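J.: Take a look at this one; I'll ask things after.
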Amino acid sequence: MDLEIYDETKDGVPAEHIQLVKDVLEYAGKYIKLKENTEMSVTFVNNDRIQEINRKYRDVDRATDVISFAIEDSSNEDDEFPIVMDEELEAEIPENIGDIFVSVDKVGEQAEYLEHSYERELGFLVVHGFLHLNGYDHMEPADEKVMFKLQRDILDAYGLKR
């Protein structure tokens, strides 16, 4: 997976937390059998910045822990002029699945509140956002059951248990 990490925080994200995010997302990608040439980004921000993003794009004026923005829809059904290519060429073209924004402030707050490690909370939030980028959701009870089980399975298998 081609993963870009951006740090827009005031104090900077420690290198070990950046590495954790890279490792857990690489693991999650293999777990769900994502194509090797998949692209995505993670941007670390503080509460004030994620609140701006939340207000602008979701019309919710408060800080949140993670926001995902999916870039591509895997179906071409609505395309007026779909791109037609052979399977070999299609397999070579990277697929950008989107961007995740994580509030490092919320990671700390929630880890403390939930009485588990900062690393567990960080891993949980990036996997949660990652699954959203890959089409998983939790708006309906049946979908929530599937997504939350997969989150738990990935984190447990990786070694970030509660």
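J.: May I ask which residue of LEU155, SER103, HIS138 lies farthest towards the positive end of the charge dipole of segment 90-162, with charges of +1 (Lys, Arg) and -1 (Asp, Glu) on Cβ and the Cα centre as origin?
T.: Farthest along the dipole direction, towards plus: LEU155.
J.: Quick one: go through segment 47-72 and flag any residue whose amide nitrogen is under 17 Å from the point 7 Å out along the Cα-to-Cβ line of GLU112.
T.: Flagged as within label range: 47-48, 63-65.
J.: If you don't mind, another one. Take the Cα radius of gyration of the chain and divide it by 2.2 N^0.38 Å, with N its residue count; two decimals is plenty.
T.: Working: Rg = 16.5 Å, N = 162, 2.2 N^0.38 = 15.2 Å.
Expressed relative to 2.2 N^0.38 Å, the Cα Rg reads 1.08.
J.: Less than 16 Å apart at the alpha-carbon level, and either on another chain or at least 8 residues along: which lysines does that give for LYS10?
T.: LYS106
J.: Kirkwood hydrodynamic radius, segment 1-60, all distinct C-alpha pairs: what's the number in Å?
T.: Taking the inverse mean of 1/r over all distinct Cα pairs, segment 1-60 comes out at 13.0 Å.
J.: Mind sorting MET40, MET1 by how few other Cβ atoms lie within 10 Å of their own Cβ, fewest first? Mind showing how you got there, number by number?
T.: Numbers: MET40 24, MET1 18.
With the fewest neighbours first, MET40, MET1 line up as MET1, MET40.
J.: A further question on this structure: Cα to Cα, under 24 Å, and not fewer than 8 places away if on the same chain: which lysines meet these conditions relative to LYS35?
T.: LYS22, LYS149
J.: Ok, one more. Normalising by the residue count of the chain, find the relative contact order in percent from Cα pairs under 8 Å and 6+ residues apart.
T.: Details: 223 pairs, mean separation 41.1, N = 162.
Once divided by the residue count of the chain, the mean separation gives 25 percent.
J.: Given charges of +1 on the Cβ of Lys and Arg and -1 on the Cβ of Asp and Glu, with all other atoms neutral, how large is the dipole of the chain about its Cα centre, in debye to the nearest 20?
T.: 980
J.: Any chance you could check the Cα centroid distance between segment 94-149 and segment 21-58 for me, in angstrom?
T.: 9
J.: Here is a follow-up. Does segment 96-153 classify as rounded, prolate or oblate by the C-alpha gyration tensor (a ≥ b ≥ c root eigenvalues; a/c under 1.5 gives rounded; else a/b over b/c gives prolate, otherwise oblate)?
T.: Details: a/c = 2.34, a/b = 1.43, b/c = 1.64.
Because a/c hits 1.5 or more and a/b fails to exceed b/c, segment 96-153 counts as oblate.
Read-outs throughout are calculated quantities, based only on the coordinates presented, and are distinct from any laboratory measurement. Since we're looking at a predicted model, the values are computed, not measured. For neighbour counting, all protein chains shown are included, and Cβ atoms are generated from backbone atoms with ideal geometry for every residue, glycine included.
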